[in-house]
Amino acid sequence: QVQLVVSGGGLVQAGGSLSLSCAVSGSIFSINNMGWYRQTPGKQRELVAAITSGGSTNYGDSVKGRFTISRDNAKNTVYLQMNRLKPDDTGVYYCRITNSVGGSYWGQGTQVTVSS
């Protein structure tokens, strides 16, 4: 059984920073991609940032230059550092991982609220 435990999130004023982490445990085999997605009411879940096993990163256009994704392969953990937050960053953030045998797993969501 695979578990993804998300930590972080909360309420912050615009311009502030927050960090998220997602720790993966269980029979995961080899983790390939790790990523963060967010969902806001009335919108589809969108990619925020992703990182491959080799460390290549990909960001959504709205967060480029403000958010940084990283991973610690020894700890099976992915992080998201969010700086210069905007009210539009408000939403529920989810982590997702894929593994080497085609599995895809989602963590529980965590609320990020940015006040203006």
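Table for the structure above
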{"read-out": "Count of region 11-31 residues which are under 15 Å from the mean Cα position of the chain (by Cα) and surrounded by fewer than 13 Cβ atoms within 10 Å (Cβ to Cβ)", "value": "1"}
{"read-out": "Number of the exception - residue 74 against (1) over 25 Å from residue 13 (Cα atoms); (2) of a type in the set (A, V, I, L, M); (3) touching a residue at least 24 places away in the same chain (Cβ under 8 Å)", "value": "(3)"}
{"read-out": "From 12, 6, 63, residue being closer than 19 Å to residue 105 by Cβ and not aromatic (Phe, Trp, Tyr)", "value": "6"}
{"read-out": "Any hit, region 22-43, residues being modelled with pLDDT under 95 and of a type in the set (Lys, Arg)", "value": "yes"}
{"read-out": "Qualifying residue in region 50-61 (condition: open to solvent by less than 20 Å² (accessible area, probe 1.4 Å) and free of Cβ contacts under 8 Å to residues at least 24 places away in the same chain)", "value": "yes"}
{"read-out": "Complete set of residues in region 32-49 that are open to solvent by 20 Å² or more (accessible area, probe 1.4 Å) and assigned to a strand (DSSP E or B)", "value": "32, 33, 37, 39, 46, 47"}
{"read-out": "Flag if residue 53 is among the polar types (S, T, N, Q), in contact with a Lys or Arg (Cβ under 9 Å, 6 or more places away or on another chain), more than 20 Å from residue 104 (Cβ to Cβ) and not in a strand (DSSP E or B)", "value": "no"}
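The values are calculated or read from the model by the stated rules, or taken from the named source; none is laboratory data. Keep in mind the model is a prediction, meaning the values are calculated, not measured. All Cβ positions, glycine included, derive from the backbone under ideal geometry; neighbour counts span all protein chains shown. Areas reflect the complete protein model, heavy atoms only, side chains present, ligands, DNA and RNA absent. Shrake-Rupley method; radii C 1.70, N 1.55, O 1.52, S 1.80 Å.
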